[in-house]
Structure formats: C-alpha cells, structure tokens
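Single-structure report; data block below.
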Amino acid sequence: MKYNFSCADIGMNCGYQIKGASSEDELLEELKIHAKMSHGLTSIPADVLDKIKKNIKKSGKYSFSCADVGMKCGFEIVNADTEEELLNELAIHAKLSHNMTSIPQDTLNAIKSKIKVM
C-alpha cells in the first residue's frame with residue numbers, strides 16, 4: 001500500500017504533494033520537513049495534523065468481506081480501484097441482499113476499519 005497527500009486537500013494553496021510514501025509515518029515525517037522548510041513551522045499543530053490524517057489517501061487495490069464484520073452472507077469485493085468504489089458496491093449489496101436502505105454509521109465505521117488495501 002502507498003500513502004499520498006496533497007496540501008490542497010486541507011485548504012493549503014502551496015501545491016505540495018507526496019505520492020507513494022511507504023507508510024503513514026513516512027508521509028508524516030516528510031510533511032514535518034515541508035512544514036518547517038516552506039511554512040516556517042517547528043511543529044504541525046494538532047488540529048492541522050488531524051486534518052492531514054483524515055485526508056491521507058491510500059493507493060492500491062481495495063478488498064472487503066462481509067465476514068469481517070460478522071455477516072454470514074459470503075459476499076466479498078476484491079480489487080476495487082478506490083475505497084469509494086468499494087463502498088458504492090457494498091451499498092448496492094446491502095440494499096439488494098440485506099434490504100437496507102442505507103448502511104448505519106456505526107456499521108460503516110466498522111466496515112472502513114476492515115477494508116484491506118494491497
């Protein structure tokens with residue numbers, strides 16, 4: 001899995017991007033250097049760090065199995081190109097196979113925590 005980030009995603013207008021970091025820790029260390037060299041910050045404020053973490057994008061292939069959240073329907077999605085694609089396909093499955101009009105937020109949070117990115 002690779003980690004990507006763009007300062008524009010948190011409202012910064014500097015154009016800086018990181019693509020292909022091998023871990024979230026590596027990406028954050030790179031951002032600390034950028035914040036110091038380009039913005040004069042000795043540390044990244046906690047509220048900005050929270051925004052950064054929420055906007056880190058993972059690249060790879062996304063997979064999920066309903067069994068990972070205790071469902072016994074046998075449904076799996078393998079190699080979706082994005083998390084958004086996977087969640088859209090999962091919403092269709094939930095509607096057609098489980099008669100759900102929407103996925104409750106607590107279930108969605110559990111699903112997101114179990115998505116595998118390769």
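The numbers here are math on the coordinates, done by the rules we state, and not lab data. On a predicted model such as this, the values are computed, not experimentally measured, just so you know. Here Cβ is always computed from backbone atoms with ideal geometry, including for glycine, and neighbour counts include all displayed protein chains.
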note = Between the Cα axis of helix 24-39 and the main Cα principal axis of the chain, the angle (0 to 90°, nearest 10) is 30
note = Taking the convex hull of the alpha-carbon atoms of the range 2-64 and averaging its shadow over every direction gives an area in square nanometres of 4.5
note = Quick calc, GLU89 & ASN55: beta-carbon distance into FRET formula, R0 25 Å, rounding 0.05, result 0.60
query = Residue by residue, what Karplus-based ³J(HN,Hα) values in Hz, rounded to whole numbers, does the range 102-118 have, using 6.51, -1.76 and 1.60 with θ = phi - 60° and x for Gly and Pro?
reply = 7, 8, x, 4, 5, 5, 4, 4, 5, 4, 4, 6, 9, 5, 9, 10, 10
note = Log entry: pair-distance distribution for the range 62-117, C-alpha pairs binned every 10 Å from zero, whole % per bin is 24, 66, 10
query = How large is Rg/Rh for the chain, to two decimals, with Cα atoms and a Kirkwood Rh?
reply = 1.08
inquiry  = Quick check: the angle from helix 83-98's long axis to the longest principal axis of the chain, C-alpha only, nearest 10 degrees?
reply    = 20
message = Test of understanding: ordering THR42, THR82 by Cβ neighbours within 10 Å, fewest first, what list do you get?
response = THR42, THR82
